[in-house]
Amino acid sequence: MKAELPAVTLPGGRQVPALGLGTWHMGESRVSASAETASLRAGLDLGMTVIDTAEMYADGGAEMVVGEAIRGRREEVFLVSKVLPYNASRAGTMAACEASLKRLRTDHIELYLLHWRGNHPLAGTVEAFEALKAQGKIGAWGVSNFDESDMKELFSVAEPVRPAANQVLYNLARRGIEFDLLRWSQMQGVPIMAYSPLDEGRLVGHPVLEEIGHIHDASSAQVALAFLLTKAGVIAIPKSGSPERVRENFRASEIRLSSEDLRLLDEAFPPPSRKRPLEMI
Ligand code: NAP
């Protein structure tokens with residue numbers, strides 16, 4: 001990992017950079033595949049070694065792009081993929097993982113997540129995750145789109161083992177988790193992976209972010225990411241299919257937001273004052 005990126009410690013003690021790479025919408029078109037591969041490699045060159053993907057994205061197409069991007073440099077990468085809830089029975093999870101490994105052209109996934117809660121009982125999914133771990137096919141497991149009550153239920157189902165991460169929607173425009181889930185996760189030592197950290201691009205060009213960016217000679221996207229980097233135990237995973245924008249996103253780690261910057265952000269994007277159900281994209 002490059003020294004510039006802050007790190008987050010996972011429950012097993014492993015450290016990963018707090019800024020990674022998303023892949024949703026990658027692999028959807030052949031035309032953009034080489035730029036997507038180049039973007040992921042540009043991120044790896046900078047030490048953005050957490051790559052987040054899922055069997056859902058482009059029906060496995062994103063995993064194939066990732067497989068190509070990490071060819072020859074597997075050792076550098078902390079791979080995250082996800083099983084769809086419809087596949088998350090005990091047997092279904094095992095089969096889905098095998099299929100993901102094939103598309104990723106690797107023999108293990110560092111972190112394997114349940115994409116969101118579905119109808120299969122959590123106990124069966126956890127059993128499969130633990131079996132995959134025992135077989136060395138995954139290094140750790142976790143969940144995505146789990147609110148605090150879901151996490152508490154999961155803890156009781158999985159005991160004595162625990163999830164290694166919870167990936168949820170978190171960005172300046174969606175600060176709901178700051179009311180409860182974020183602090184609870186920090187206390188439990190379960191890292192939050194902040195997905196859609198640029199609110200799917202909607203935060204780009206926001207006037208207040210532009211204004212703060214002006215002070216730091218930075219873009220609005222960089223300010224949005226720098227905000228997330230101020231939060232302990234949070235890994236942001238912006239997606240870009242452009243190597244230049246990946247490099248731009250990396251430089252968010254160089255920004256030190258002042259208390260006045262943070263005050264302006266709170267004014268433009270007020271933190272939550274009451275509990276709201278976890279939002280999902
Ligand atoms: P995002 O990262 O917030 O935003 C991506 C959009 O922003 C893309 O349109 C991208 O366009 C643009 N962008 C990126 N960097 C930029 C920059 N510096 N300047 C201007 N535009 C920029 O949204 P996301 O892809 O939804 O979320 C990130 C990752 O989180 C996903 O890719 C996926 O891995 C994960 N995710 C997980 C879940 C879940 O349920 N677990 C749900 C959603 C997302 P270009 O590609 O053209 O640069």
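Quick notes on this structure:
- Any hit, the range 116-131, residues being in a loop (DSSP other than H, G, I, E, B), β-branched (Val, Ile, Thr), in contact with a Leu (Cβ under 8 Å, 6 or more places away or on another chain) and without any contact (Cβ under 8 Å) to a residue 40 or more places away in the chain: no
- Helices (runs of 4 or more DSSP H) fully within the range 167-262 that include at least 1 residues being more than 27 Å from Arg14 (Cα to Cα), open to solvent by 50 Å² or more (accessible area, probe 1.4 Å) and away from the ligand (no atom under 13 Å from the Cβ): 207-216.
- Failed condition for Lys82, given (1) among the basic types (Lys, Arg); (2) in a helix (DSSP H, G or I); (3) touching a strand residue (DSSP E or B) at 6+ places or on another chain (Cβ under 9 Å): (2)
- Annotation: Ala140 fulfils all but one of (1) surrounded by fewer than 20 Cβ atoms within 10 Å (Cβ to Cβ); (2) within 22 Å of Thr9 (Cα to Cα); the unmet one is (1).
- Residue check for Ser156: without any contact (Cβ under 8 Å) to a residue 24 or more places away in the chain and either closer than 21 Å to Leu113 by Cβ or not in a loop (DSSP other than H, G, I, E, B) (or both): yes
- Number of the condition not met by Gly13 [criteria: (1) free of Cβ contacts under 8 Å to residues at least 24 places away in the same chain; (2) assigned to a helix (DSSP H, G or I)]: (2)
- Restricting attention to the range 143-153, the residues that are touching a residue at least 24 places away in the same chain (Cβ under 8 Å) and open to solvent by 10 Å² or more (accessible area, probe 1.4 Å) total 5.
- Scan of the range 96-124 for residues that are among the β-branched types (Val, Ile, Thr) and within 24 Å of Ser196 (Cβ to Cβ), ordered by number: Ile109
- Among the residues of the range 114-140, the one identified as closer than 14 Å to Arg90 by Cα and under 13 Å from the mean Cα position of the chain (by Cα) is Leu114.
- Selection within the range 11-25 - under 25 Å from Gln222 (Cα atoms) and either among the β-branched types (Val, Ile, Thr) or open to solvent by 30 Å² or more (accessible area, probe 1.4 Å) (or both): Gln15, Val16, Thr23, Trp24, His25
- Residues that are of a type in the set (A, V, I, L, M, F, W, C) and within 16 Å of the ligand (Cβ to nearest atom) within the range 98-128 comprise Leu104, Ile109, Leu111, Leu113, Leu114, Trp116, listed in sequence order.
- The range 61-84, subset among the β-branched types (Val, Ile, Thr) and within 13 Å of the ligand (Cβ to nearest atom), residue farthest from Arg41 (Cα to Cα): Val83
- Filter pass, Tyr57 being at pLDDT 95 or above and open to solvent by less than 40 Å² (accessible area, probe 1.4 Å): yes
- Taking the range 263-279 as the range and being part of a loop (DSSP other than H, G, I, E, B) and open to solvent by 50 Å² or more (accessible area, probe 1.4 Å) as the test, the residues that pass are Pro270, Pro271, Ser273, Arg274, Lys275, Arg276, Pro277, Glu279.
- Selection over the range 41-53 of residues that are away from the ligand (no atom under 13 Å from the Cβ), in a helix (DSSP H, G or I) and either open to solvent by less than 10 Å² (accessible area, probe 1.4 Å) or modelled with pLDDT under 95 (or both) gives a count of 1.
- Pairing residues of the range 26-40 that are open to solvent by less than 30 Å² (accessible area, probe 1.4 Å) with residues that are at pLDDT below 95, at Cβ distances under 8 Å and at least 6 apart in sequence or on separate chains, gives Met26/Ser32; Met26/Ala33; Gly27/Ala33.
The values are calculated or read from the model by the stated rules, or taken from the named source; none is laboratory data. What you are looking at is a predicted structure, and each value in this text was computed from that prediction instead of being measured. For neighbour counting, all protein chains shown are included, and Cβ atoms are generated from backbone atoms with ideal geometry for every residue, glycine included. Quick note on the areas: whole protein, heavy atoms, side chains included, nothing else; ligands and nucleic acids left out. Shrake-Rupley method; radii C 1.70, N 1.55, O 1.52, S 1.80 Å.
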